[in-house]
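Read the structure below first, then the notes.
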Ligand code: ARG
């Protein structure tokens, strides 16, 4: 078996060494980025005079062919191909001969892999942000079409005050706005090229890392070769931003599980976005929502696992750093699927305005409004709270309906009793950012504008 580094070694590597250390099984996903990195590197080598024009052309042609073979699945991996970098270089050398053997001039897999992974992260974080924006778009559409539908807003999972359904949906939408920001922010910070750092210390050859960075579309090149090959902050940041999206999807998922339960009955899933039971013919299960809830745990695991790998690692490159890739690949894939599944689910779910209103119209949901009515008449809020609380208790003890007690109370009376009418309470949430029709109309416009600005970014 031939490895890239066989020169110094007497015999073949042990089979178990290759089995344990090879990363080709997963880093093959970096193939497009590895090819892009090699293209930039070889062009740079040509421009600084380390390769002739003919050699550059031969290597570029070989890279082109390797790229096509990888894309079409015709690429034949050899037993010594430890990782995608080794595999591509071997193939390029087979195809371009002596010129191919010059590809790795002034380069180490240490700066190469860091470059590849940054290119991957840059592209994938943008694509995840676009998927998040698509879910926000659906939340906006559902908020607009929800009109005046309202449901209980819960605290402690106890009915607290009625809120417009649009308000509730957009609460999830705004959380995703922060996610899009975080993805953009992580992406801007990782936009630095490590190519040209070499194994640890740069090179004695006249490399031009700025040229390579510009060729790859990076905003800047590294400042310190040791930092360049050992920094994986960008993976940790990406994993945090992705885990946060996962946590948001889990909270939306939990809401869907509750809304579609027989106990709440606020919504029904479309058949295409629900699953059946193998034993219970009557069941229609919210498995997407439950998995969104569960997968947040796995995403958090990806983040904490990487941080544990990085903790205490000496500078600069250590093979430990190879463990950065699987968590990132997994997180990107899971979030992409989770966002798309949730987008389809939210676009097709049917809301039941009557059931939501019935739950929200419990007279006690307007208790705060009664207290605020007394406040407007000059009573201190603490006294008003006690007075209304007393009426609620009398009604709960069976003395009379709350509306009758309110009507009979000289401090409250008929005008106050009207606050208990169906749908009245939600219309009284008038403050900016509040849950009633007036502020929600403004909020929808602000959300729409924010979404358009974000969509233009990605
Ligand atoms: N597959 C390796 C990684 O993912 C590439 C770098 C190997 N470098 C080395 N010095 N062994 O990190």
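The values are calculated or read from the model by the stated rules, or taken from the named source; none is laboratory data. What you see is a predicted model; the values in this text were computed from it and never measured. Don't worry about glycine lacking a Cβ; one is built from the backbone with ideal geometry, like all the others, and counts go over all protein chains shown.
Quickly run through segment 186-208 and pick out the residues that are out of contact with any helix residue (DSSP H, G or I) (no Cβ under 8 Å at 6 or more places or on another chain) and under 16 Å from residue 110 (Cα atoms).
Listed by number, the list holds a single entry, 203.
Between residues in segment 86-112 that are under 14 Å from residue 56 (Cβ atoms) and residues that are within 12 Å of the ligand (Cβ to nearest atom), which pairs lie under 6 Å by C-beta distance while being six or more apart or on different chains?
These pairs meet every condition: 103/89.
Kindly indicate whether residue 31 is assigned to a helix (DSSP H, G or I) and either more than 16 Å from the ligand (Cβ to nearest atom) or more than 26 Å from residue 320 (Cβ to Cβ) (or both). Outline the logic, then answer.
Values: assigned to a helix (DSSP H, G or I): yes; either more than 16 Å from the ligand (Cβ to nearest atom) or more than 26 Å from residue 320 (Cβ to Cβ) (or both): no.
No.
Which members of segment 314-338 meet the condition of being more than 16 Å from the ligand (Cβ to nearest atom) and under 19 Å from residue 120 (Cα atoms)?
Selection gives 331, 332, 333, 334, 335, 336, 337.
Restricting attention to segment 305-317, and to residues there that are touching a residue at least 40 places away in the same chain (Cβ under 8 Å) and not in a helix (DSSP H, G or I), which single residue is nearest to residue 112 (Cα to Cα)?
Residue satisfying both the conditions and the ranking: 317.
Taking segment 272-283, which residues are out of contact with any strand residue (DSSP E or B) (no Cβ under 8 Å at 6 or more places or on another chain) and surrounded by 13 or more Cβ atoms within 10 Å (Cβ to Cβ)?
Scanning segment 272-283 gives a single hit, 273.
Please specify each residue of segment 366-393 satisfying the condition of being out of contact with any helix residue (DSSP H, G or I) (no Cβ under 6 Å at 6 or more places or on another chain) and not in a loop (DSSP other than H, G, I, E, B).
Within segment 366-393, 368, 372, 376, 382, 383, 386, 387, 389, 390, 393 qualify.
Residues in segment 1-46 that are free of Cβ contacts under 8 Å to residues at least 12 places away in the same chain and either within 17 Å of residue 66 (Cβ to Cβ) or touching a helix residue (DSSP H, G or I) at 6+ places or on another chain (Cβ under 8 Å) (or both): how many?
The total comes to 1.
Identify all residues within segment 62-78 that are touching a residue at least 12 places away in the same chain (Cβ under 8 Å), in a loop (DSSP other than H, G, I, E, B) and either away from the ligand (no atom under 16 Å from the Cβ) or at positive phi (or both); write none if there are none.
75
Return a yes/no flag: does segment 162-177 have any residue that is buried (at least 22 other Cβ atoms within 10 Å of the Cβ) and farther than 23 Å from residue 249 by Cβ.
Within segment 162-177, one or more residues are buried (at least 22 other Cβ atoms within 10 Å of the Cβ) and farther than 23 Å from residue 249 by Cβ.
Given the options 105, 93, name the one that is under 23 Å from residue 229 (Cα atoms), more than 16 Å from the ligand (Cβ to nearest atom) and surrounded by fewer than 21 Cβ atoms within 10 Å (Cβ to Cβ).
105
For residue 82, indicate whether it is over 29 Å from residue 21 (Cβ atoms), surrounded by 16 or more Cβ atoms within 10 Å (Cβ to Cβ) and at pLDDT 95 or above.
no
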